[in-house]
Amino acid sequence: MSTLLESPADTLRVVEPGLEPAPTAFTLRRLHAERLIDAHLPVLRRMHGNAQMAVALGFRTAAESSASLERNLAHWERFGFGLWVLRDMATGRVVGTAGLRHQEIEGVPEVELRCALFPEFWGRGLGTDATCACVTIGRDWLGLPSVVALATRANASSQRVLVKAGLRFERAVMRREVPRLLFRTE
């Protein structure tokens, strides 16, 4: 199923939220999103090995990237949503990933929004577009009561993206032994 979101502010038409799985693919003005599949392992390995992305994602070995892919594929099967690989509409190049995943944060089950772009795509508004689409899918398609997202204190750009997408700072948390800021949809 492919859904076109003309702008990040547009919402998906849903008869009854929460009764359908998330779209396996959708298109924004500048991005195409496709459900994560086995063939995307090289993308994950590239992301997990990128020094500039390590602050948010952490470095992972090839085996850890494979395990991450397996966890994310299993999440799609179990919950009907997960990570999408993002491609630039003009070139077809992989821009990064974005999605929604069940996570436990400080002992509390949450649905976490994640968006990670390769550094060459930073500063173009693509992260905002993808994050807004994930908020829309979580709220209007899946009927989630809230979605959270984490950013490091030093990453002001990610914090601005989350605020633009309608999330508000809630509190400081620890995640993987790193202090982070937790934002939540209203």
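Here are the numbers for the structure shown:
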| item | result |
| --- | --- |
| Scope the stretch 165-186; condition surrounded by 15 or more Cβ atoms within 10 Å (Cβ to Cβ) and touching a helix residue (DSSP H, G or I) at 6+ places or on another chain (Cβ under 8 Å); matching residues | ALA165, GLY166, LEU167, LEU181, PHE183, THR185 |
| Where a residue in the stretch 74-94 is of a type in the set (Asp, Glu) and its partner, wherever it lies, is assigned to a helix (DSSP H, G or I), with Cβ under 9 Å and at least six apart | ASP88/PHE121; ASP88/LEU126 |
| Identity of the residue in the stretch 152-186, assigned to a loop (DSSP other than H, G, I, E, B) and modelled with pLDDT of 95 or more, that ends up nearest to PRO23 (Cα to Cα) | ALA165 |
| Residue ID - farthest from LEU31 (Cα to Cα), chosen from residues in the stretch 59-96 that are of a type in the set (Phe, Trp, Tyr) and in contact with a Ser or Thr (Cβ under 9 Å, 6 or more places away or on another chain) | TRP76 |
| Members of the stretch 71-123 found to be surrounded by fewer than 17 Cβ atoms within 10 Å (Cβ to Cβ), assigned to a strand (DSSP E or B) and either out of contact with any helix residue (DSSP H, G or I) (no Cβ under 7 Å at 6 or more places or on another chain) or of a type in the set (Asp, Glu) (or both), listed by number | ASP88, GLN103, GLU104, ILE105, VAL108, PRO109 |
| Residues being surrounded by fewer than 16 Cβ atoms within 10 Å (Cβ to Cβ) and within 15 Å of the chain's Cα centre (by Cα) - total across the stretch 124-156 | 2 |
| Some residue of the stretch 20-38 being at pLDDT 80 or above and assigned to a helix (DSSP H, G or I) | yes |
| So ALA149, is it outside any helix (DSSP H, G or I) and either closer than 21 Å to MET47 by Cα or in contact with a Pro (Cβ under 9 Å, 6 or more places away or on another chain) (or both) | yes |
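The values are calculated or read from the model by the stated rules, or taken from the named source; none is laboratory data. Bear in mind that the values here come from a model prediction, so they are computed numbers and not experimental data. Because the Cβ atoms are built from the backbone with ideal geometry, glycine has one as well, and the counts that use them run over all protein chains shown.
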